[in-house]
Structure formats: structure tokens, C-alpha cells
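S.K.: Dumping the structure here so I can ask a few things about it.
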Amino acid sequence: MRQHTRMHTRRLGASLAVLAVFAAACGDDDETTSAVTTAAPSGTEAPSGTTESMSLKAAGCPDPLVIQTDWFPEADHGWTYELIGQNGTLDAKTGKYSGPVDDITVEIRAGGPFVGFSSPSSQMYQDPSVFMAYVDTGDAIRNATTQPVVAVFASYDKGPQIIQWDPAKYPDVKTIADIGAAAGDGKILYFESAAYMDYLIGKEILKKEQVDASYDGSPGRFVAEGDLFQQGFATNEPYSYENLIEDWKKPVAFTLVHDTGFAIYQSALSVKPEAVAANAECLKAIVPMFQQALVDYMTTPGPTNSKLTEIVTEMAQFWQLSDELNNDATAKMKDLGLVSDAGNGTVGDMDCARVQTLIDEFNPILKANNVEGVKDDLKCEEIVDNSFLDPAIGLGF
């Protein structure tokens, strides 16, 4: 159920009925992260010839450096909270978690109700203090002229967005194409304005009459009606329905939206285009730290998964976590290939050929739907920049 545009896949606000669901995030016990931008993956030596970078402050990074996320803290955000570590300070009322990183303060801002359910890119454009934000590739394409962004780090190689169903009701459904071919069967619930749904309908994988944009994050209709399909994230809904939702507690089947060709980089860390040049030294210093934070989180997720449960509990809103849910989410990230080096030994980079293919397929659909932010002849290089990554930092899988 997420806001995942996660706002444009948007969980608008996973509804108060969502009970004890959903994933947590990130973890390491360290208070700060080293300024060595060429840090090798955990358990390995740094490559020969590497040197320490200038400090984040000397590199011109804003202090505090503000990162706008797209939802409550959860496992999908783990690497971000990992950068600060276990000893940060939480403002439960505003959803801000902050702490020292090198010689500056990094501040992570929760999304969803803490920002009126607006998208992270909207927040970055509305609030000059926001330096970086989570933005999905689909939204970067859709808003290329109205809220242009450049992604500099992608924690997910495959997006965790799914559609789920009851396998006892639909034993022969295996893919989203199978759902599209199931004439007369249950509606597909999704959050209004989801970019992936525009794609699926535009590619005629699903039919407009099959979908229902009234999903509010509550499990109520899925549980009560029994024959519905419903959007979610692989990192939370399957575990939650099978283990936490009292009126369900049986298997759900699911398939990744990624496998339909909507191969976005989910929640990619992005900046405004002008920051690529104006803040280049900062990005050279901080982006490899995000890479290493993801490596550290995936290596030892437990401590911060527990910390994130504690943080969300202190926030005392409808969103709830458990250590078991968080740990299941981290396991699925690896088991489903959501987080990986994508075969090249580097974590966090984005394949421009893949992005360009998506642009070329998605832009005509958006134009046909009269979407305001579409840019003709958009090129991958306008929305993706891998140059700040350290190619030596990888997960090893």
C-alpha cells in the first residue's frame, strides 16, 4: 500500500485501517559515515590508488543537507537512514530524522502526511531547503518540463511495485498480462495518478474498464470482496496480508510491475538539474557515501530495521512496523533481485539504454493523455547522471 510515487503510485495515505503493516528501513550502528568516497564494499580493501575526498562542508554541501523521502520510514528507505546511523535525533511531530555525517548534518524528512501527501519532487520545488528527493523514473519522465530532476543514485535496480491477488481464486494467473486477459474478473485497485497504470493501459496490457483508482491503502475491500487485484510493494503487502491482517492471514500471489517493461528506478535519489553543476563537488563527495550506506545496510540490516520500528512507533500514526516485517522486506530485496549490482559490480548506477527505452515507450502514452509535463525528444542524459558514483563500490551480488 504505499504512497509510492511512490506518491504517484501513490499511497496517498495508507489509510488508518492499514493496521500493523509495512516495511521499515536501514541500519547500522555507526553515528557517522566516513568521508572516504572510494570506500570498498564491506569486507574488502579499498582499491589501490584511492584517496580521501574533501569533507562534505569543504565540498560545499548544504548544512543541513535535506533529503525528502516519499513515505514513512521503512525498509525501502534503509540506506538513507543508514547514512546517519542509530544515534540520530527524531522530531516525531514533523517526521524529521537528523544526525552528523562527516562534518555536516543530514536531515531525512518523511513524506506522506508529514508533507500533505505531496510528491517528493513537489516538495523539492516548493521548499528551497530540500536538496535531494526520491523521484521515480516514470515521474521524472512525466514531469520533465514542470518539475525537472536528475537522478544521481538508484537504490533499487528493480522497482518493488506489485499487483497481488488471491491464488486460490485465480490459480492460473501468473503475470499482469494474465490479469489483463481475465475478462469479467475482479477489478484492479490502485492509487489514483499512478504512472505505472498509465503505462499498463497505454500498452494495452490492462484495460481501462478493469482498473479502479479508488484504492486508499486499506485492506478492507481486498479482504471483503476476495476477487480483487490490488497494487502493493513486494517489500510489505505480501508479508502483511499473510501475517498481520487478521481477516486474511493466508497466501497472496504477486508479480512485479517491472516485468511488464515499466522498468523504472524506484525512488531514485534526485536533484534539480542546476544542482548537477552548481553542487558537483558535494555530489562527488556524498553520492559514494550513499552507495556504501546501501552496502552496509544490506550486509547488516537488523540494527537499523529495529531502529526504524522504534522511530515509527514514536511517530504514533497509522503507519506501523515490526522487526519481522522489516527483515522480511530486506530479504525480499535480495531474493527478488530488487537491490543488486545489476551484473557490473557497481551499486546505484542506472542503465541509460533501459531508461531511454522507457522514455520512448512512455512519452507517446503521456502525450495521448494530454499530460502537461511531457518533453518532446527527452533524452536519458537529461534525467540520469551516473558520474558521481564510485564504480568500485558494490554489493557483490
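The values are calculated or read from the model by the stated rules, or taken from the named source; none is laboratory data. What you are looking at is a predicted structure, and each value in this text was computed from that prediction instead of being measured. Positions of Cβ are generated from backbone atoms using ideal geometry, with glycine treated the same way; all protein chains shown enter the neighbour counts. All accessible areas refer to the heavy atoms of the entire protein, side chains included, with ligands and DNA or RNA removed. Shrake-Rupley method; radii C 1.70, N 1.55, O 1.52, S 1.80 Å.
S.K.: Going by amide H atoms built from the backbone, whose H comes under 5 Å of the H on GLY111, apart from near neighbours?
M.R.: THR69, ASP70, TRP71, PHE72
S.K.: Still on this model: Hey, got the dipole for segment 258-397? About the Cα centre, +1 on K and R Cβ, -1 on D and E Cβ, debye to the nearest 20? List each step's numbers first, then the result.
M.R.: Working: 9 positive and 22 negative charges, 10 e Å.
Its charge dipole is roughly 40 debye.
S.K.: Let's test the formula: R0 of 30 Å, r as the Cβ-Cβ distance of THR89 and ASP247. What FRET efficiency results, to the nearest 0.05?
M.R.: Values: r = 38 Å, r/R0 = 1.27.
After rounding, the FRET efficiency stands at 0.20.
S.K.: Further, regarding this structure: Compute the separation of the alpha-carbon centres of segment 262-320 and segment 223-238 and state it in Å as a whole number.
M.R.: Spelled out, the Cα-based centre of one part sits 26 Å from the other.
S.K.: When the label point is put 7 Å from the Cα of GLU225 along its Cα-to-beta-carbon vector, which residues of segment 162-179 have a backbone N closer than 14 Å?
M.R.: Those under the cut-off are 164-166.
S.K.: Consider just the alpha-carbon atoms of segment 278-397 and return their Rg together with their Dmax, both in angstrom.
M.R.: 18.4, 47
S.K.: Along the principal axes of its C-alpha atoms, what lengths does segment 167-207 span, in descending order and rounded to whole Å?
M.R.: The principal-axis extents, from largest down, are 30, 19, 17 Å.
S.K.: Just subtract the alpha-carbon distance of ASN344 and GLU274 from 0.36 nm times their residue separation and send over the number in nm, one decimal. Walk me through the intermediate numbers first.
M.R.: On the way: separation 70, 0.36 × 70 = 25.20 nm, distance 2.90 nm.
Computed gain between ASN344 and GLU274 is 22.3 nm.
S.K.: To continue, here is another question. Write down, largest first, the equivalent ellipsoid semi-axes of segment 220-313 in whole Å, where each equals the square root of 5 times an eigenvalue of the alpha-carbon gyration tensor. Numbers along the way, then the final one.
M.R.: Working: eigenvalues 251, 78, 29 Å².
Largest first, segment 220-313 gives 35, 20, 12 Å.
S.K.: Rounded to the nearest 10 Å², what accessible area does LYS250 show when all protein chains are kept and the probe is 1.4 Å?
M.R.: Number for this one is 90 Å².
S.K.: May I ask for the percentage of alpha-carbon pairs in segment 116-171 that lie more than 15 Å from each other? Show your work: numbers first, answer last.
M.R.: Details: 918 of 1540 pairs.
Within segment 116-171, distances greater than 15 Å cover 60 percent of Cα pairs.
S.K.: Per residue, what accessible area does segment 193-311 have, given a 1.4 Å probe and all protein chains present, in Å²? Write out the running numbers ahead of the final one.
M.R.: Details: 3990 Å² over 119 residues.
Accessible surface, normalised per residue, equals 33 Å².
S.K.: Length gain on complete extension for the stretch SER214 to ALA368, per 0.36 nm per residue less the alpha carbon to alpha carbon distance? Walk me through the numbers before you get to the answer.
M.R.: Values: separation 154, 0.36 × 154 = 55.44 nm, distance 2.28 nm.
Between SER214 and ALA368, full extension yields an extra 53.2 nm.
S.K.: Ok, one more. Net charge around TYR239, counting only other residues with Cβ within less than 10 Å of its Cβ (Lys, Arg = +1; Asp, Glu = -1)?
M.R.: My count for the surroundings of TYR239 gives -3.
S.K.: Could I ask something else about it? Just tell me, in residue order, which DSSP H segments of the chain are both 27 angstrom or longer along the helix axis (alpha-carbon based) and at least 0.5 in mean Kyte-Doolittle hydropathy.
M.R.: On the way: long enough: 280-299 (29 Å, 0.68).
Helices passing the filter in the chain: 280-299.
S.K.: Sticking to Cα atoms, compute the Rg of the chain to one decimal and its Dmax as the biggest Cα-Cα distance, whole number, in Å.
M.R.: Rg and Dmax of the chain, Cα atoms, are 19.8, 63 Å.
S.K.: On to the next question. Using only alpha carbons, build the gyration tensor for segment 120-262 and give me the equivalent ellipsoid semi-axes, biggest first, whole Å.
M.R.: 29, 18, 14
S.K.: Which residues' amide hydrogens lie under 5 Å from the amide hydrogen of VAL384, considering only partners 5 or more residues apart or on another chain, with H built in the peptide plane?
M.R.: For VAL384, whose amide H was placed from the backbone, the distant partners under 5 Å are ALA151.
S.K.: Excluding GLU314 itself, calculate the net charge of residues whose Cβ lies under 11 Å from the Cβ of GLU314, where each Lys or Arg counts +1 and each Asp or Glu counts -1. Can you show the working numbers first?
M.R.: Values: positive: LYS93, LYS307; negative: ASP91, GLU310.
Result for the local shell: 0.
S.K.: Using θ = phi - 60° and the Karplus form 6.51 cos²θ - 1.76 cosθ + 1.60, what ³J(HN,Hα) does each residue of segment 247-253 get, whole Hz, x for Gly and Pro?
M.R.: Once θ is set to phi - 60°, the couplings for segment 247-253 become 7, 10, 6, 8, x, 10, 9 Hz.
S.K.: Quick one: Debye curve from the C-alpha atoms of segment 295-344, no solvent, what's log10 I(q)/I(0) at q = 0.14, 0.27, 0.28 Å⁻¹?
M.R.: For segment 295-344, the Cα-only Debye profile gives -0.41, -1.00, -1.04.
S.K.: So, one more: Report the charge-dipole magnitude of segment 83-138 in Debye, nearest 20, computed about the Cα centre from +1 at each Lys and Arg Cβ and -1 at each Asp and Glu Cβ.
M.R.: Here segment 83-138 has a charge dipole of around 220 debye.
S.K.: Please give the charge dipole size of the chain, origin at the Cα centre, charges +1 on K and R Cβ atoms and -1 on D and E Cβ atoms. Round to the nearest 20 debye. Working shown, then result.
M.R.: On the way: 28 positive and 57 negative charges, 158 e Å.
Approximately 760 debye in magnitude.
S.K.: Oh, and also: Would you pull out the residues with amide H under 5 Å of ILE162's amide H, same chain only if 5 or more places away, H placed 1.01 Å from N?
M.R.: GLY232, PHE233, ALA234, VAL257
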